[in-house]
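**Q** Here it is, the structure in full.
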Amino acid sequence: VSASASGLPLLSWASGQPRPTTSNGNTVRGQAVATQAVVGVGRDGRIALATGGGSTHLVVDVVGYVIGPGSSGGHLRPVPATRLVDTRTTGVPLASGQRLAQRVTGRGGVPVGASAALLTVTSVPGRGATGTLVLVGNGERTPPTSDLNARADVPVARQVLVPLGVDGGVAVVRSGGTGHVVVDLVGYVTAVPAPT
């Protein structure tokens, strides 16, 4: 948020580990840019954050977790990309305040017992295609956070890890603007035992 320059690399990694040489996202000067990353957790239970230059404010929201090796669940499984949503095919763009629900389990190799989906969501540019998009488990409340900040001039794509609703589905919620949305399934998380 409010970066001093465009293109600043944003880095996140497990605390106590060497600083990475690759980024999880990039800034746009004076604008909010949302991204999502799966980040290792250090032995102290923390993650580390940095920018590769300039200055920017950062807002971090924890949306899920994956359990390590040897556990009975919580493993991330990739699947061949499967298109779940493309509002361009229906000709009906997603408007502000609308929720677009889609079932995930049973599609693209995702089993009924999955706990979360790894999705790529794309905001298609167009007149009025601004605002933010957030993905939630179908039936869940809309959080006060965003997964993607849409732009009218260029497409914006982000990968997000989304907990599944009780029906095995997710919902895309738009706040502000009106525009087409594309959602592709690229992986899932096996059932996660309740945290202790």
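**Q** With a 1.4 Å probe and every protein chain kept in, tell me what percent of the accessible surface of the chain is carbon plus sulfur.
**A** So the carbon and sulfur contribution to the accessible surface is 54 percent.
**Q** If the viscosity is 1.002 mPa s and the temperature 20 °C, what Stokes-Einstein diffusion coefficient in µm²/s follows for the stretch 99-182 when Rh is the Kirkwood radius over Cα pairs? Each step should come with its number before you reach the end.
**A** Numbers: Rh = 13.0 Å.
In µm²/s, the coefficient rounds to 165.
**Q** Could you work out how much longer the chain between Thr145 and Ile67 gets when fully extended? Use 0.36 nm per residue separation minus the Cα distance between them, nm to one decimal. Provide the component values of the computation, followed by the final result.
**A** On the way: separation 78, 0.36 × 78 = 28.08 nm, distance 2.40 nm.
Working it through step by step, the gained length comes to 25.7 nm.
**Q** Evaluate E = 1/(1 + (r/R0)^6) for Arg77 and Arg103, where r is the Cβ-Cβ distance and R0 equals 25 Å; express this FRET efficiency to the nearest 0.05.
**A** On the way: r = 18 Å, r/R0 = 0.71.
The value I calculate is 0.90.
**Q** Where is the GNM fluctuation largest for the chain (alpha-carbon springs, 10 angstrom cutoff): Val186, Val62, Val112?
**A** Result for the chain, Cα springs under 10 Å: Val62 fluctuates most.
**Q** Starting from the Cα gyration tensor of the stretch 1-47, multiply each eigenvalue by 5, take the square root, and state the resulting semi-axes largest first in whole Å.
**A** Semi-axes from the Cα gyration tensor: 24, 10, 9 Å.
**Q** Could you do me a favour and compute the accessible area per residue for the stretch 1-130, 1.4 Å probe, result in Å²? Can you show the working numbers first?
**A** Values: 7770 Å² over 130 residues.
For the stretch 1-130, the solvent-accessible area averages 60 Å² per residue.
**Q** Just check the chain against the gyration tensor rule for me: Cα atoms, a ≥ b ≥ c as the square roots of the eigenvalues, rounded for a/c under 1.5, and otherwise prolate or oblate depending on whether a/b exceeds b/c.
**A** oblate
The values are calculated or read from the model by the stated rules, or taken from the named source; none is laboratory data. Bear in mind the structure is a predicted one, so any value in this text is a computation, not a measurement. Here Cβ is always computed from backbone atoms with ideal geometry, including for glycine, and neighbour counts include all displayed protein chains. The protein model used for the area step is the full one, side chains on, heavy atoms only, and it has no ligands, DNA or RNA in it. Shrake-Rupley method; radii C 1.70, N 1.55, O 1.52, S 1.80 Å.
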